[in-house]
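Everything below concerns the one structure shown next.
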Amino acid sequence: MASVTSLTDSVQQQLASALSATRPEAAGADPLLRRSDRADFQANGILALAKKTKANPRELAAEVVSRITTGDLIEDVEVSGPGFLNITVADRAITGNLAARLADGERLGVPLKEDAGVTVVDYAQPNVAKEMHVGHLRSAVIGDALRGMLDFTGEKTIGRHHIGDWGTQFGMLIQYLLEHPGELAPASEVDGEQAMSNLNRVYKASRVLFDSDDDFKERARKRVVALQSGDKETLELWQQFVDESKVYFYSVFEKLDMEIRDEEIVGESAYNEGMPETARLLEEMGVAVRSEGALVVFFDDIRGKDDQPVPLIVQKADGGFGYAASDLTAIRNRVVDLHATTLLYVVDVRQSLHFRMVFETARRAGWLNDDVTAHNMGYGTVLGADGKPFKTREGETVRLEDLLDEAVQRAAEVVREKARDLTEDEIRERAAQVGIGAVKYADLSTSPSRDYKFDLDQMVSLNGDTSVYLQYAYARIQSILRKAGDVRPSAHPELDLHPAERALGLHVDAFGDTVFEAAAEYAPHKLAAYLYQLASLYTSFYDKCPVLKADTPEQVANRLFLCDMTARTLTKGMGLLGIRTPERL
Ligand code: ARG
């Protein structure tokens, strides 16, 4: 495998050395290269240098130009405006670079990063014995896309599904099951749907008892204590709830076309044994203090309504541990045992205060430091068409499965309308890929911190910034490649390029740079925007440049090659976001 330097980086390097040859004090200065409408690239960095050295910017720019060798890479460079440089890349450099990318295979010439670390990604965290709803969608979709991008850069990612599988409500569930044995069928005998309906039934029935029968309530309380102290029979019953829930989780994640691995499902219960030690360490270090019997951590800058400090509760006065204790213990595990260098949490923005307090506590304890950092990708809310948090007509939270099923159904209509040579089976398969892709793309193409409207009509529209538009672009290219039959795509760097070919080629070349940037900033929407632009540039290329009817056999082959590289880049990029690109649509 040979990685390929992007044209952006090559031009940047040439400029940087021309700059430092012109003025020694410019060594290391950034030429500030940008894609521009006027030329392939525009460099703005000379202005700052002129200011620093008190030089006339246009004169300085002219000096820099005189030191740039035009030829294989840079075709032309000229001074523009107050002292910008407009740079045109040679046609043969564009085609040549893409050819090197194709030769590299799978990675399209994108290098692996040198300072790769280990990122533990905490995402897709449903709760045991509870239905997944629209609120669980974003964490799963964003987390999966971030992992895809990070892995591609060479970062090692480890997933952690911090499922809610511990705490007081389990006393109620377990006590009920103990008194009504047989209400949960063995996990091996149910499918996802049955599992959830059993769990729902048990949940509702036990809730009714809990609220109406004080004796049962008391027995349920005692059951929590038995659970926390590791009573064998209690744990066995608890395990039944976990197993049954997993059957359900897996069925939903399968619908989401997302791979979830059993060893990465490490819920709150996994940290149960470590929690007393976490508390002891924090107290010994003086990070946490006793206050009214509870063990808590205070923060100067975190205060409630009446300006009273809001503490993080590590251990309750009754000795019980809660959400904060399991998260703090999880941090120790991820840092010490998993050797994480970055902890990434993909959790609803409404939990951001919790994480601020947990991270600050971990920093004071030294578990987080300059070498290990933590970040919560707090994401916004999924809104309904009315701009309010997404609810059913009855005002209830929307079940995730219902939402996915509806998306697939809508996609089936779109696929069927366009499908000419597809069988019923193929339509069904495509509908799933288009529908789920649409849901994921709508989510990922918005900046994670923003809310977005769940609007299926818009999501499955063939026009505009949708995954279907991208999937069609991909399928159209495949159909051209099929039509070309024996004529193989091949690069011809000696050919002059049409402006639309240049624009497309330069954009394809920027794929790796884009993924690196999007991964470093945890910004899947930047990759989505890149892919949308790729499809748009392809569309205008296809409008302006006949492919199979091009002037010469070389031009046909070269344009097929551009098509092929576009398709490979599209499918790779979509794949990183967790979205499939069917060969035919
Ligand atoms: N299960 C929790 C919920 O549904 C989210 C867990 C987030 N992760 C964490 N490490 N706290 O709200």
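The values are calculated or read from the model by the stated rules, or taken from the named source; none is laboratory data. Computed from a prediction, not measured in an experiment: that's the story for all the values here. Reconstructed Cβ throughout: ideal geometry from the backbone, glycine too, with neighbour counts over all protein chains shown. All accessible areas refer to the heavy atoms of the entire protein, side chains included, with ligands and DNA or RNA removed. Shrake-Rupley method; radii C 1.70, N 1.55, O 1.52, S 1.80 Å.
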Over 27 Å (Cα to Cα) among LYS255/LYS418; LYS130/LYS391; LYS113/LYS246 -> LYS113/LYS246
For region 534-582, Rg(Cα) over 2.2 N^0.38 Å is 1.29
The alpha-carbon pair-distance distribution computed for region 338-444, with 5 angstrom bins and whole-percent values, is 2, 10, 14, 14, 12, 10, 10, 10, 8, 5, 3, 2, 0
Per residue, accessible area of region 265-381 with a 1.4 Å probe, heavy atoms of protein chains only, in Å², comes to 48
Quick calc of log₁₀ I(q)/I(0), region 446-511, Debye, one scatterer on every Cα, no solvent, q values 0.14, 0.17, 0.29 1/Å, result -0.70, -0.90, -1.21
In whole percents, the bins of 5 Å from zero upward hold the Cα-Cα pairs of region 1-48 as 5, 21, 27, 21, 13, 8, 3, 1
note: region 390-526, Cα-Cα separations exceeding 28 Å make up a percent value of 36
Given the candidates PRO111, ALA340, ILE260, the one whose Cα lies deepest towards the positive end of the charge dipole of the chain, counting +1 at each Lys or Arg C-beta and -1 at each Asp or Glu C-beta, is PRO111
Counting only protein heavy atoms and rolling a 1.4 Å probe, one gets per residue an accessible area for region 32-105 in Å² of 50
Computed over region 482-570, protein heavy atoms only, probe 1.4 angstrom, the accessible area per residue in square angstrom equals 42
In deg cm²/dmol, rounded to the nearest 500, the helical mean residue ellipticity at 222 nm of the chain, built from -39500 (n - 2.57) for every DSSP H run of length 4 or more, is -16500 deg cm²/dmol
So the carbon and sulfur contribution to the accessible area of region 11-100, 1.4 Å probe, in percent, is 48
Partner lysines whose C-alpha sits under 17 Å from that of LYS572, ignoring same-chain residues fewer than 8 away, are LYS440, LYS526
Around THR5 (Cβ within 15 Å, Cβ-to-Cβ, excluding THR5; K/R +1, D/E -1) the net charge comes to -3
For region 479-585, the percent of accessible surface on carbon and sulfur atoms (probe 1.4 angstrom, ligands and nucleic acids excluded) is 51
Normalised Cα Rg of region 328-394, dividing by 2.2 N^0.38 Å with N its residue count, works out at 1.47
At q = 0.06, 0.12 Å⁻¹, the log10 of I(q)/I(0) for the chain from a Debye sum over equal Cα scatterers comes to -0.41, -1.24
D (µm²/s, integer) via Stokes-Einstein for region 452-585, Kirkwood Rh across alpha-carbon pairs, 37 °C, 0.692 mPa s: value 212
For region 25-122, the Debye formula with one identical point scatterer on each Cα and no solvent gives log10 I(q)/I(0) at q = 0.13, 0.14, 0.19, 0.20 Å⁻¹ as -0.63, -0.70, -0.95, -1.00
With ASP327 itself left out, Lys, Arg at +1 and Asp, Glu at -1 over residues whose Cβ is under 13 Å from its Cβ give +1
Residues other than ASP300 with Cβ under 15 Å of its Cβ, Lys/Arg counted +1 and Asp/Glu -1, net out at +1
Semi-axes of region 222-369 from the Cα gyration tensor (sqrt of 5 times each eigenvalue, largest first, whole Å) come to 29, 21, 16
Between the alpha carbon centres of region 179-194 and region 409-447 the gap in Å comes to 33
Heavy-atom accessible area of LYS483, protein chains in place, probe 1.4 angstrom, given in Å² to nearest 10, is 150
Helix 57-66: inclination vs the chain longest Cα principal axis, degrees, rounded to 10, gives 70
Check: C-alpha center region 117-156 vs C-alpha center region 307-337, spacing in Å is 22
Inter-part gap, Cα centre of region 18-65 to Cα centre of region 543-575, in whole angstrom, is 35
Using alpha-carbon coordinates alone, the radius of gyration and Dmax of region 183-240 in Å work out to 13.0, 35
Note on region 188-272: contact order normalised by length, alpha-carbon pairs under 8 Å, 6 or more apart, percent, works out to 42
Share of accessible surface on carbon and sulfur in region 128-238, whole %, 1.4 Å probe and ligands ignored, is 50
